Amino acid sequence: MEKWKKWKKWKSGRSGAPGYDVRVPQKSPVSLTTHDHVALITIDNPPVNALGPEVVDGLSQAIAEVARDPGIRAAVVIGAGRTFVAGADIKGLEQLAWGSETGLPEMHDPLQRIEDLPKPVVMAMHGTALGGGLELAMAGHYRVAVPDAQMGQPEVNLGIIPGAEGTQRLPRLVGMDKAIEMCVSGKPIKARDALAAGLIDRIVEGDLATAAMAFAREMAEAARPLPKTRDRIDRLPSREQLPAMLQAGRELARKTRRNLEAPLAVVDALEAAATLPFDEGCQKEREVFFTCVRSDQAKALIYAFFAERGASRVPGVTKDTRATTVSSVAIVGAGTMGGGIAMACANAGLNVRLTDATQGALDAGLATIKKNYDVSVARGRFTPAMVDERLARIQAQVGYGGFDKADLIIEAVFENMALKKEIASALDAVARPDCIVATNTSTLNIDEIAAAARRPATVVGLHFFSPANVMRLVEIVRGAATSSETIATALTVAKRLGKVGVVVGNCPGFVGNRMMFPYMYEAQFLVEDGATPEQVDRALTDFGMAMGIFAVDDMAGLDVAWRVRKELNQFSEPGARKPLVSDALCEMGRFGQKAGKGWYQYGADRKAVPDADVLALIERLASGAGITRRSFTAAEIVERTIYALINEGARVLDEGYALRAADIDVIYLSGYGFPAWRGGPMFYADRVGLNTVYERVAAFHRDLGDRWTPAPLLERLAREGRTFQEFDRSRAGSELAAPRA
Ligand code: 3H9
């Protein structure tokens with residue numbers, strides 16, 4: 001302490017001005033101020049302080065300044081605004097993925113210069129330190145964080161691996177097992193875990209900059225050798241320990257990150273940390289990084305990242321659009337959907353009033369909610385205390401008492417227009433004038449429901465996906481009268497619930513289900529034509545779909561599509577091919593999993609087992625209809641089903657019920673189990689080549705009939721040699737289509 005005081009005296013005597021001094025390089029997102037001989041280096045590059053070239057340049061200048069100025073004894077690096085550094089600028093990585101030579105900031109030298117500084121550098125983290133952000137932090141001598149900060153290497157979610165030496169420094173700090181877990185899963189860890197793992201040195205309370213500077217002074221005072229992460233070997237495994245760890249890591253990647261290349265590749269780079277000197281390990285990381293970043297998977301995953309964020313850009317909704325602040329929600333209907341939505345709201349900290357027509361229905365709904373929470377506890381997702389807290393937020397009641405206090409009312413009764421209209425009119429009488437009234441429907445006409453209310457501007461469709469407490473997608477259905485304020489509120493609520501809200505137009509089935517019908521029925525025609533449900537499902541899961549379509553139908557319940565077939569009067573056009581088997585299965589009561597049998601049969605373990613009775617039924621109905629059955633390759637199955645999805649997607653887009661092809665992709669990635677590494681059906685079509693897709697669709701049209709009429713937009717783009725991505729760019733800012741008649 002004495003030495004520190006003496007030094008301070010010497011410094012203030014020399015400069016004549018102790019304390020505060022600001023040095024802000026012109027126009028740089030990085031500034032340096034000094035506070036009592038500690039340099040505070042602030043990265044201010046909104047929204048998330050991503051590491052673009054200007055940030056890296058600014059950091060390099062600031063580090064040079066710290067090295068040069070004898071008055072500075074220590075430095076703190078901190079992020080301005082809501083976060084530390086959330087990674088490299090993904091826009092730059094996108095350019096790199098598509099072939100540009102630039103896009104990855106050169107980090108080796110700046111990181112080495114930080115590590116080589118003879119003065120302590122403390123990284124002060126709040127918000128998220130992700131990807132390049134954590135890599136920057138690991139080059140500091142010390143790391144401190146506020147209690148709710150999170151740190152991670154999420155690069156694999158973008159199809160890449162850490163590219164700024166993270167695979168070499170992370171295992172040196174946290175050990176190989178933990179590094180593998182973090183890099184393969186891509187999941188961030190919380191400050192407390194990071195402290196236990198050795199990733200950070202201290203959790204600090206109160207003002208982060210003040211606490212970090214105090215810590216920096218303490219470290220400067222201690223005058224002990226500065227720890228350089230790259231020189232550490234104490235946490236690296238021995239040559240004997242390493243193979244088992246790597247094998248476990250690769251198994252983890254294959255099991256939990258099915259079909260993804262980067263989670264396997266990152267283990268190769270991590271291996272180098274334990275087998276090569278630091279600089280050679282970095283070289284290996286670079287090679288693996290470049291192979292990954294140029295891959296098709298990286299292109300698709302980076303596209304999906306921006307597609308998801310872009311979905312919230314909606315014409316007419318700006319930063320100034322006034323969204324209602326939602327803190328209390330009322331839900332009508334305690335069935336599967338209502339209960340799931342109640343859980344999603346309670347999980348997000350919202351207060352919920354849940355109502356149903358009878359006490360019995362309410363009790364049954366609550367029992368299901370409790371059972372679902374018990375499963376979450378058993379799986380370690382929630383503690384019993386967390387569940388109690390959530391259940392306390394759900395107030396169950398019969399009737400609409402207190403509904404006048406709700407900011408948002410969600411009607412979630414089953415798909416029956418008359419009932420939904422009756423409820424819309426009743427809610428109109430109790431809801432506050434600014435309360436948003438949402439209807440959870442998967443197919444019904446929002447405008448017809450809104451017409452039953454006196455304030456249709458506050459009526460919106462919120463199409464949640466089952467189970468609503470788990471599935472990320474919410475289609476936000478804009479009716480003819482829905483106001484921009486209502487849409488802005490719906491988008492904010494979706495985000496608050498941790499979901500992806502995609503605004504869609506009001507057509508039968510909206511976007512997701514409208515596209516799913518031709519996909520689902522084509523799969524059914526395929527089995528009539530000679531494939532088995534199991535073959536079709538296997539071809540689709542091998543393609544990357546989370547589930548095969550017959551397994552999905554069994555899970556959703558065959559009666560759901562049956563009801564929709566009748567409600568929407570599907571297959572009524574003259575000459576339309578009507579599926580033969582699904583109605584027959586429904587008439588036999590084979591409604592899917594809940595009945596123990598549908599397309600498959602199910603035992604107690606709910607595993608789908610092919611059923612000879614179903615195969616016999618298919619053969620009988622097909623031969624009765626004069627169909628000559630034949631076998632199909634997996635490639636044919638994929639084309640017949642996925643191209644049906646794409647063709648309908650092109651129609652939806654052309655008719656203006658989706659704002660962008662990218663929105664369709666977000667819907668399919670977050671709600672229908674389409675593989676993220678293929679980017680979504682429309683991006684996949686772009687990659688195959690729209691001309692190739694169009695030619696195939698046209699051939700199906702010739703061979704299989706009018707249901708395969710090529711979508712005019714697909715034909716047009718194919719002829720012009722353009723892509724759906726180019727179409728999106730040309731149409732930026734377009735409105736949704738006029739509502740359905
Ligand atoms: C990497 O670091 C590679 C290195 O190893 C190599 C180093 C050389 N870049 O999600 P939000 C934008 S790979 C550019 O809505 P939230 C985003 O597009 C990177 N932009 O907010 C959006 O813009 P807009 C590793 C980015 O609060 C806005 O920020 N890092 C980046 O829900 C708000 O985003 C990651 O993978 C970025 N890195 O969530 C982290 N990050 O308003 C990726 C965000 O114009 N990011 N934006 O639509 C995230 O996970 C979330 O954005 C985060 C905030 C958790 C940070």
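The values are calculated or read from the model by the stated rules, or taken from the named source; none is laboratory data. Treat the numbers as computed from the prediction; the structure is a model and nothing was measured. Note that we place each Cβ from the backbone using ideal geometry, even for glycine, and neighbour counts take in every protein chain shown. Each accessible area value is taken on the protein alone, full model and side chains, heavy atoms only, with ligands, DNA and RNA left out. Shrake-Rupley method; radii C 1.70, N 1.55, O 1.52, S 1.80 Å.
Entry comment: accessible area of segment 63-159 is 30 Å² per residue, from protein heavy atoms only and a probe of 1.4 Å. Given +1 at the Cβ of Lys and Arg, -1 at the Cβ of Asp and Glu and no other charges, the dipole of the chain around its Cα centre is 1560 debye to the nearest 20. Ranking W708, W98, W562 by solvent-accessible area of protein heavy atoms (1.4 Å probe, all protein chains present), from largest to smallest, gives W98, W562, W708. Kirkwood-type hydrodynamic radius, segment 446-584: 17.0 Å, calculated from all non-identical alpha-carbon pairs.
Placing a label point 7 Å from the Cα of R239 along the Cα-to-Cβ line, the residues of segment 278-313 whose backbone N sits under 19 Å from it are 278-281. Using only Cα atoms, find the angle between the long axis of helix 384-393 and the longest principal axis of the chain, and express it within 0 to 90 degrees, rounded to the nearest 10. Approximately 60 degrees, to the nearest 10.
For segment 645-741, the Cβ-based charge dipole about the Cα centre amounts to some 100 debye (Lys, Arg positive; Asp, Glu negative; other atoms uncharged). Heavy atoms of the protein chains alone define the surface here; on that basis segment 592-684 has 39 Å² accessible area per residue at 1.4 Å probe size. Residues whose amide H falls under 5 Å from that of D356, counting only those 5 or more places apart or on a different chain, are G333, Q397, G399, with hydrogens built in the peptide plane.
For segment 513-613, the carbon plus sulfur part of the accessible surface works out to 53%, probe radius 1.4 Å.
In segment 159-298, a dipole from Cβ-located charges (positive for Lys and Arg, negative for Asp and Glu) runs towards its positive end, and of T291, A222, T210 it is T291 whose Cα lies farthest in that direction. Near Q601, the amide H atoms lying under 5 Å from its own belong to V609, D611; only residues 5 or more places off or on other chains count, and H is placed 1.01 Å from N. Surface composition of segment 204-296: carbon and sulfur make up 52 percent of the accessible area, probe 1.4 Å. In order along segment 485-491, the Karplus-derived 3J(HN,Hα) couplings, from 6.51 cos²θ - 1.76 cosθ + 1.60 at θ = phi - 60°, round to 4, 5, 5, 4, 5, 4, 5 Hz, and Gly and Pro are given as x.
Placing unit charges on each Cβ (+1 for Lys and Arg, -1 for Asp and Glu) gives the chain a dipole about its Cα centre, and among L653, L93, Q150 the Cα reaching farthest toward its positive end belongs to Q150.
Compute the long axis of helix 208-222 from its Cα atoms, compare it with the longest principal axis of the Cα atoms of the chain, and write down the angle in degrees, 0 to 90, nearest 10. With rounding to tens, the tilt is 40 degrees. Rounded to two decimals, the Cα radius of gyration of the chain over 2.2 N^0.38 Å is 1.07.
Run the numbers for Q283 and R381: contour at 0.36 nm per residue of separation, minus the present Cα-Cα distance, in nm.
Numbers: separation 98, 0.36 × 98 = 35.28 nm, distance 3.86 nm.
Extra length from Q283 to R381 when fully extended: 31.4 nm.
Label separation (R731 vs R432): 3.8 nm, computed from points 7 Å beyond Cα along the C-beta direction. The angle separating the long axis of helix 2-15 from the principal Cα axis of greatest extent in the chain is about 90 degrees.
Between the amide H of N45 and those of A80, distances stay under 5 Å, these residues lying 5 or more places away or on another chain, with hydrogens modeled in the peptide plane.
3J(HN,Hα) along segment 606-612: 6, 7, 6, 10, x, 10, 4 Hz, from the Karplus curve 6.51 cos²θ - 1.76 cosθ + 1.60 with θ = phi - 60°, whole Hz, x for Gly and Pro.
Packing around the peptides 381-387, 244-250, taken as the average count of other Cβ atoms within 10 Å per residue, puts them in this order, highest first: 244-250, 381-387.
Computed about the Cα centre, the dipole magnitude for segment 562-669 is approximately 400 debye when only Lys and Arg (+1) and Asp and Glu (-1) carry charge, each at its Cβ. Annotation for segment 627-676 versus segment 494-566: alpha-carbon center distance of 10 Å. Whole-Hz Karplus values for segment 473-482 come out as 7, 10, 7, 9, 8, 8, x, 4, 9, 4 Hz, taken residue by residue from phi with 6.51 cos²θ - 1.76 cosθ + 1.60 and θ = phi - 60°; glycine and proline positions read x.
Dipole orientation for the chain: of the candidates S238, I63, A450, I63 has the Cα lying most toward the positive pole (charges on Cβ; Lys, Arg +1; Asp, Glu -1).
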